[in-house]
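Take a look at the structure below.
The values are calculated or read from the model by the stated rules, or taken from the named source; none is laboratory data. Owing to the predicted nature of the structure, the values given are computational and were not obtained by experimental measurement. A quick note on method: Cβ atoms are made from the backbone with ideal geometry, for glycine too, and the neighbour counts reach across all protein chains shown. To get the accessible areas, we keep the full protein, side chains included, count just its heavy atoms, and leave off ligands, DNA and RNA. Shrake-Rupley method; radii C 1.70, N 1.55, O 1.52, S 1.80 Å.
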Amino acid sequence: MTSVDPFGRTDTLDEGMLAALVTRFEVRGKHPQFVNMLDEYLDAMTLDAADSVLDMGCGTGLAARAIARRADFSGHVVGVDLSPYLVEAAQRLAQEEGVAERTSFRTGDVSCLDVADGAFDAVVAHTLLSHVDDAAGVIQEVARLLKPGGRVGIFDGDYASLTFGHADPVLGQANDEALIGAVVTNARVMRQMPRLLQAAGLELVTSFAYVLAEVGKADFWASAIEAYRRLIPKAGTMTVDEADAWGAALHRDSERGVFFGSSNYYAYVARRR
Ligand SMILES: C[S@@+](CC[C@H](N)C(=O)[O-])C[C@H]1O[C@@H](n2cnc3c(N)ncnc32)[C@H](O)[C@@H]1O
């Protein structure tokens, strides 16, 4: 079944929406808890031994730039994304942050990359797998692209746990379901990951679990709500007016100090035998 998830079809979004996504990816990526989650799994990937790294579904190149900046890394990172607009943004940001020589970005579909077997020492998929139609197929592709002994880092939200507080819990649950149905394709993919890795012949090295919860005031979730408010109507699970009212109510909750927003996140590091 083809998904309605706009993150899985960024090559069809209009420029206004894509500009909003650039802002969202960069704000999210600079949040201290997001920085910490990325650093923690990159540390477990032994990138000091990697000459060539692939950032799958790179968006604005957040993970690629973080790898290129690492003191233990002296190789090259290639970022691939569906959206030419995001690839251009990734190139510009790499230039601005002084890592253009260590990175390159191009458009492509990560489920079928025109790249030789074993081309990469390491692969990262940072908040990608919940948005692809065939997560098992993408993991098989990761195994094909990795050299023997190479490592993959897979990080994503466990979006089945994404929830916001509401004065009426029944309406709150309906809103959560409308949101999750709109902005992710595989809300439970991180719960399937141990099986998907094993099926692809990848050996689990370590995993990390996090709760990104904000209570009282929204910070991380405030910019997420702004992006989601614009994305949900594109998927059709709320009208524009309904999504605006949903977002406004959550911002009001934050102003009044009664906000609740939370999702679990997981990272897996695995190696090709
Ligand atoms: C939620 S965003 C994450 C972007 C970036 N990795 C980050 O964490 O900031 C998911 C990204 O995956 C890309 N994407 C989704 N499906 C893809 C596919 N089949 N091939 C390549 N990129 C894809 C989207 O264009 C989008 O940029």
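For region 89-117, a residue qualifies if it is open to solvent by 20 Å² or more (accessible area, probe 1.4 Å), more than 12 Å from the ligand (Cβ to nearest atom) and closer than 27 Å to residue 149 by Cα, and the qualifying residues are 101, 102, 104, 114, 115, 116, 117. Name the residues in region 152-208 that are surrounded by fewer than 19 Cβ atoms within 10 Å (Cβ to Cβ), among the β-branched types (Val, Ile, Thr) and under 24 Å from residue 141 (Cβ atoms), would you? 205, 206, listed by residue number. Looking across region 148-163, just one residue is of a type in the set (Phe, Trp, Tyr) and more than 12 Å from residue 193 (Cα to Cα), and that is 159. Selection of region 18-44 for residues being touching a helix residue (DSSP H, G or I) at 6+ places or on another chain (Cβ under 9 Å) and among the hydrophobic types (A, V, I, L, M, F, W, C) yields 18, 19, 20, 21, 22, 25, 27, 34, 35, 38, 42. Taking the criterion of being in a strand (DSSP E or B), more than 16 Å from the ligand (Cβ to nearest atom) and either of a type outside the set (Asp, Glu) or at negative phi (or both), would at least one residue in region 186-202 satisfy it? Yes, that holds for at least one residue.
Just one of the listed residues (20, 68, 49) is open to solvent by less than 40 Å² (accessible area, probe 1.4 Å), among the hydrophobic types (A, V, I, L, M, F, W, C) and either more than 26 Å from residue 232 (Cα to Cα) or within 9 Å of the ligand (Cβ to nearest atom) (or both), and it is 68. Among the conditions (1) open to solvent by less than 60 Å² (accessible area, probe 1.4 Å); (2) at pLDDT 95 or above; (3) not basic (Lys, Arg), the only one that residue 8 does not satisfy is (2). Hey, can you tell me all the residues within region 23-46 that are away from the ligand (no atom under 14 Å from the Cβ) and open to solvent by 30 Å² or more (accessible area, probe 1.4 Å)? Of everything in region 23-46, those that are away from the ligand (no atom under 14 Å from the Cβ) and open to solvent by 30 Å² or more (accessible area, probe 1.4 Å) turn out to be 32, 36, 40, 43, 46. Residues in region 25-56 that are over 17 Å from residue 157 (Cβ atoms) and β-branched (Val, Ile, Thr): 46, 53. Residues of region 121-151 that are open to solvent by 20 Å² or more (accessible area, probe 1.4 Å) and more than 12 Å from the ligand (Cβ to nearest atom): 121, 136, 140, 144, 147, 148, 149, 151.
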